[in-house]
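Q: Once you've had a glance at the structure underneath, I'll fire off some questions.
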Amino acid sequence: MPDSVQELKEKLEAIKSMGFIKTHRAYDTGVGKTLEDLLSIEENNIRLPDIGDIELKTKRITSDSMLTLATKAPRPKGINRKLFEQYKYKDDEGYYNLHSTVYGSKVNPQGFKMIYQNGKLFLENKRHIEAYWDENIFEDVLVSKSNKILLAFAETKGEPKSSNEYFHFIEAYLLQGLNRDKFRNAIEKDYLKVDIRIGVYHSGKNKGKHHDHGTGFRMHKRDFLKLYDRYEQLL
């Protein structure tokens with residue numbers, strides 16, 4: 001385990017120089033487990049004498065520097081199926097889809113808009129179907145046991161979230177002072193977007209049946225960093 005911020009920087013630089021590293025665990029938590037092992041730490045926690053406890057968080061990053069903060073269907077249970085039935089359209093191949101990017105500042109072509117109220121994100125829509133997400137779906141990135149977070153970004157290759165996924169840790173930031181007002185502002189200014197991806201199976205035994213690819217909350221890396229009052233690039 002590193003003994004100072006400077007030593008942490010040096011370890012991160014050494015890890016970056018290793019290039020792509022095979023995951024140490026399959027599934028979504030593989031990226032965090034791999035970096036923990038490389039830093040020789042346990043349970044996401046780093047204690048440095050010069051600045052105290054730091055919680056480690058890791059995120060996969062795409063080629064366009066977009067982060068997926070959470071992937072979660074709205075509540076109540078099964079409401080995505082209802083939204084699909086009410087708002088679906090046919091694609092160029094004749095299959096029904098509902099692919100929609102939703103913003104907080106404007107109504108999109110499907111008539112959707114995000115509204116933040118009382119700790120919930122509501123999917124406002126023309127048919128007044130109640131659909132919402134609780135704020136706690138963002139706990140992985142917005143809630144910390146420590147006031148300080150080491151956030152590391154990794155490029156990926158191979159089969160996502162499998163035992164054959166590889167990570168290249170390319171950037172890391174020391175974050176302090178999450179500002180929830182800035183999070184609300186990110187919704188209103190479209191820094192945080194919701195991607196709804198629902199369609200049908202095109203082949204196999206389930207051909208023609210409803211298929212929810214997951215509703216993702218996405219944000220550009222630079223905008224995510226601005227949710228914090230202070231951040232310092234370590235790598």
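Results for (1) touching an Asp or Glu at 6+ places or on another chain (Cβ under 8 Å); (2) of a type in the set (Phe, Trp, Tyr); (3) at pLDDT 80 or above, shown as yes or no for each residue.
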| residue | (1), (2), (3) |
| --- | --- |
| Phe183 | no, yes, no |
| Tyr191 | yes, yes, yes |
| Tyr201 | no, yes, no |
| Lys207 | no, no, no |
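Q: Still on this structure, please answer the following. Looking at the range 8-46 only, could you name the residues that are assigned to a loop (DSSP other than H, G, I, E, B), under 26 Å from Ala70 (Cβ atoms) and modelled with pLDDT of 85 or more?
A: Looking only at the range 8-46, we keep the residues that are assigned to a loop (DSSP other than H, G, I, E, B), and these are 18-20, 23-29, 40-44.
Okay, now just the ones that are also under 26 Å from Ala70 (Cβ atoms), so 20, 23-29, 41-44.
Phe20, Thr23, His24, Arg25, Ala26, listed by residue number.
Q: Please list, ordered by residue number, the strands (runs of 3 or more DSSP E) wholly in the range 163-235 having 1 or more residues that are of a type in the set (A, V, I, L, M, F, W, C), within 30 Å of Lys16 (Cβ to Cβ) and in contact (Cβ under 8 Å) with a residue 12 or more places away in the chain.
A: In the range 163-235, 165-178, 192-200, 216-220 are the strands (runs of 3 or more DSSP E) which contain 1 or more residues that are of a type in the set (A, V, I, L, M, F, W, C), within 30 Å of Lys16 (Cβ to Cβ) and in contact (Cβ under 8 Å) with a residue 12 or more places away in the chain.
Q: Then there's this: Please verify whether Gly216 is at pLDDT below 80 and of a type in the set (Gly, Ala, Ser), treating the condition exactly as stated.
A: For Gly216, the condition - at pLDDT below 80 and of a type in the set (Gly, Ala, Ser) - is not met.
Q: Can you tell me which residue is surrounded by the most Cβ atoms within 10 Å (Cβ to Cβ) among those in the range 123-140 that are modelled with pLDDT of 85 or more and not in a strand (DSSP E or B)?
A: Top of the filtered list is Ala131.
Q: Which condition breaks for Phe153 when tested against (1) under 29 Å from Gln233 (Cβ atoms); (2) of a type outside the set (Ser, Thr, Tyr); (3) surrounded by fewer than 14 Cβ atoms within 10 Å (Cβ to Cβ); (4) at pLDDT 85 or above?
A: (3) is the only condition that Phe153 fails.
Q: If you don't mind, another one. For the range 154-191, give me the residue count where each residue is at positive phi and either in contact with a His (Cβ under 9 Å, 6 or more places away or on another chain) or polar (S, T, N, Q) (or both). Step through it out loud before you land on a result.
A: From the range 154-191, those at positive phi are 158, 161, 177, 190; that's our starting set.
If we keep only those that are either in contact with a His (Cβ under 9 Å, 6 or more places away or on another chain) or polar (S, T, N, Q) (or both) as well, we get none.
Selection size over the range 154-191: 0.
The values are calculated or read from the model by the stated rules, or taken from the named source; none is laboratory data. Every value quoted in this text rests on a predicted model; they were computed, and no experiment measured them. Here Cβ is always computed from backbone atoms with ideal geometry, including for glycine, and neighbour counts include all displayed protein chains.
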